[in-house]
Every structure is written in structure tokens, then in C-alpha cells.
Amino acid sequence: MSPHAPRRRVPVRTDLVGVEPYGAPQLDVPVRLNTNETPFPPPAAFGEQLAKRVASLELHRYPDRRAWSLRTALGGRFGLPAERVWAANGSNEVLLQLFQAYGGMGRTLLLCRPGYSAHPLIARVAATDHVEVELDAGLRLSPAAAAGAVRAHRPDLVCVASPNNPTGIPVSLDTVRALHDAGDGLVVCDEAYVEFGAASAAELLDELPRLVVCRTFSKAFRLAGVRLGYLLAHDWVVDDLRAVRLPYHLDAMTQEAGTLACELAGEMTAHIQAIVAERERVRAALADLDGVGVFDSAANFLLFRTRVPAVWEALLDRGVLVRDFSDRPGLAGCLRVTIGTPAENDAFLTALEDSLHAHP
Ligand SMILES: Cc1ncc(COP(=O)(O)O)c(C=O)c1O
């Protein structure tokens, strides 16, 4: 008999000990404004046509490994050939593949702080150490600070969200250029919210050879349930990613949904103006509230600050779920609210006023 008692569990990888799994609460409340989805479902025509197309798919066969039709349709939207486009299950998976291919042991990723909370988590899963550059007091990253951070850390890759999450503030194209030109790593611009009003770094692709632009169908295209993201880059990046993608990683139904969404892009994104108008209405209403400060936003959410404790809980008590960032460095007292339907936004504003009055 073995002198050792058999183990009841196997220790997880040491660098994963203590990892907090990513997860905004998914609570069943009347007004859910915490994950930056679009409140309006996709147009009926999308569902109807998708059902027909899915019915004619050969689901007993593996999907097209290269997702060629989808990548061609995506490239067509940007005047790029399919060779310069890559797609995966959500932009989170695109980022994972990038970090796996260009990060990994002994390599460094530069992120900004505060930034998208999944970036460091995905880096950790990809066994990639990260360093951070802090945003200034206005939650912006100047070209000089960007270049300074790249010179100081010499990162193998850099990843910034523009507009940034949770701030909503875009990274200027001059800052993207500075991040690129100050070093020799890959520069990833995560543009999950760009359609809501920020300038896209896609226009710099021909100028900056190590630039990658990541996009998603989860936000402006109203398809968070489909899980589809993509990148625009130079063809060598797409070539390299083939080494880390799993066989047949993108299923046939997702490929079909993405191709159809490209064909119906106008209808899929027809709500953007309404969301932007609502964002500005809610921003003005927040700015008018005593004791509330609100940041500018080019995304479909707003970051705001109050000095009242436990506002997140008070809103939840009133049936409104927002995202709490108040314990993040640099974001004391900050909450983030997704722009919902006008009725949801009104419910949020009323609940917030109520909560603030309850704790004068
Ligand atoms: C900045 C940023 N990047 C990427 C994502 C992930 O998007 P996807 O649903 O495509 O994985 C999000 C989602 O909230 C995000 O905020």
C-alpha cells in the first residue's frame, strides 16, 4: 500500500491560486444596467433569417475552420481582405488568443489602470505578467504618459480599451500612436464600445504595423448572447493566431449569425443614436444631482461618483442593478450605469435620487 493517503483533489496551477473568476452579478431584478448590453433586442428580421439559415446548415459536419465567409463579410465593412481579419467567441477570446500568442512566460503586457477588469484576468490565464500605467486625475492617458510607460517597461504587448471601461473615455489616436512608436511590442486597441461615438484606431492600421484593433458584436450589434468578437490587423498576426486557436473554435451557427449581422448592419445598429441621446439625457440629469459627479462618455454607459456610502445596495433595494467600482484604486465612490431603455433610465434616476435622499 502507498505510504501516502490518496489526494482528494489536485492543486490548481500555482499562478491561478486566489484568482477571482470574472463575474458581474447576474441578479433577477427589474432593471439590469450592469453589463453594458444593449437593452433593445435585435430586429425581428435578424431572428427570422437566422433561423432559416441555421436550419440549412450541415450541423453533422465541423464548421469552416477558417470562418472564411464571416471574415470576408467583416473585412468588407472595413475595406480589408479576410486575411487581415480574425474572429473568435467574443472579443474576450480574441484577447485570450492574442495574449497566448504574444504573451506567455517571461513576457510582459502593459495595461492601464483603471481599465477593463477582464484584461488582467485574461493575461493571468495566458500566464502573462502585466504592468500598469495609471490614468491621470481626469481618467485619461496622455501621449507623453503612454510613451513614458512603454519606455519604462518595454512591454511585449500593450492593451488599452477605447472607449475605456469603466470610464467611457476614449484613448486618443495620438496616444495609440505613442504607445506604438515608443516601443516594439504589439499594441491592441480594444474597441468594444467604439460604435457609440469614439474615433477608431482602425484608421491607423496602415500606418502602424504592430497595431491590432479588437471589436465585438456584444454591444452595438446587440448580440451579447451569440459570443462573437473579431480583430483587424496585419496578416502576420492572423497567421500567428492559428497556432493558439482550438480546432474548429468558432461554431457554424455563430459564423452564420455574424455573417448575417454584417449583411443587416444598418438595422442591427439602428438604435445607436437613441442610446447616445439617452446617454446624454442621463448624463445631464446626473450632473444636476447634488453630490453627484459624472464623467463624459463615448460609450453606452456612464461612470459617476457619489459621496454617499452604500448607494449600490440602496439602488439594488429599489430594483436597479448597476456596477460597483467604489473599491477600485482611483475610483472611490464610483458606480457605472449602462444606458437602458428610457423607462429603465428613468427608473434608475428615480431610484438614485431616492437613495441619495435616504442618506443625506
Ligand atoms: C472593454 C471590453 N472589452 C471586451 C469586452 C468583452 O466583450 P465580448 O462580449 O465580445 O467578449 C467587454 C465586455 O464588457 C469590454 O467591456
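The values are calculated or read from the model by the stated rules, or taken from the named source; none is laboratory data. All figures in this text were calculated on a predicted structure; none of them were measured in a lab. Every residue, glycine as well, gets a Cβ built from its backbone with ideal geometry; the counts of neighbours run over all protein chains shown.
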So residue 320 ticks every box in (1) under 24 Å from the mean Cα position of the chain (by Cα); (2) surrounded by fewer than 20 Cβ atoms within 10 Å (Cβ to Cβ); (3) not aromatic (Phe, Trp, Tyr) but one. Which box is left unticked? (2)
For segment 274-293, check the following and say yes or no: at least one residue is touching a Ser or Thr at 6+ places or on another chain (Cβ under 6 Å) and either closer than 18 Å to residue 50 by Cα or not assigned by TED's automatic domain parsing to the domain that holds residue 354 (or both). no
Among the numbered criteria (1) assigned to a strand (DSSP E or B); (2) more than 29 Å from residue 226 (Cα to Cα), which one does residue 314 miss? (1)
Candidate set: segment 174-192, residues that are more than 17 Å from residue 77 (Cβ to Cβ) and assigned to a loop (DSSP other than H, G, I, E, B); chosen: the one farthest from the ligand (Cβ to nearest atom): 184
Is it the case that some residue within segment 8-30 is small (Gly, Ala, Ser), away from the ligand (no atom under 16 Å from the Cβ) and outside any loop (DSSP other than H, G, I, E, B)? no
If you check every pair at least six apart or on different chains, which have Cβ atoms under 9 Å apart with a residue in segment 157-170 that is under 18 Å from residue 98 (Cβ atoms) and near the ligand (Cβ under 9 Å from one of its atoms) first and a residue that is basic (Lys, Arg) and outside any loop (DSSP other than H, G, I, E, B) second? 165/336
Pull out all pairs, ordered by first then second residue, where Cβ-Cβ is under 9 Å, the residues are six or more apart or on different chains, the first lies in segment 107-122 and is under 17 Å from residue 178 (Cβ atoms) and free of Cβ contacts under 8 Å to residues at least 24 places away in the same chain, and the second is within 11 Å of the ligand (Cβ to nearest atom) and assigned to a loop (DSSP other than H, G, I, E, B). none
Can you name the strands (runs of 3 or more DSSP E) wholly within segment 197-310 that have at least 1 residues being more than 16 Å from the ligand (Cβ to nearest atom) and surrounded by fewer than 20 Cβ atoms within 10 Å (Cβ to Cβ)? 292-294, 301-306
Out of 95, 121, 110, which single residue is of a type in the set (A, V, I, L, M), more than 11 Å from the ligand (Cβ to nearest atom) and buried (at least 20 other Cβ atoms within 10 Å of the Cβ)? 110
Given (1) of a type outside the set (Val, Ile, Thr); (2) within 30 Å of residue 70 (Cα to Cα); (3) in contact (Cβ under 8 Å) with a residue 12 or more places away in the chain, identify the lone condition not met by residue 278. (2)
Residue set 208, 228, 232, 250; condition within 30 Å of residue 26 (Cα to Cα), in contact with a helix residue (DSSP H, G or I) (Cβ under 6 Å, 6 or more places away or on another chain) and of a type in the set (A, V, I, L, M); output residue 228
For segment 36-57, check the following and say yes or no: at least one residue is outside any helix (DSSP H, G or I) and in contact with a His (Cβ under 7 Å, 6 or more places away or on another chain). yes
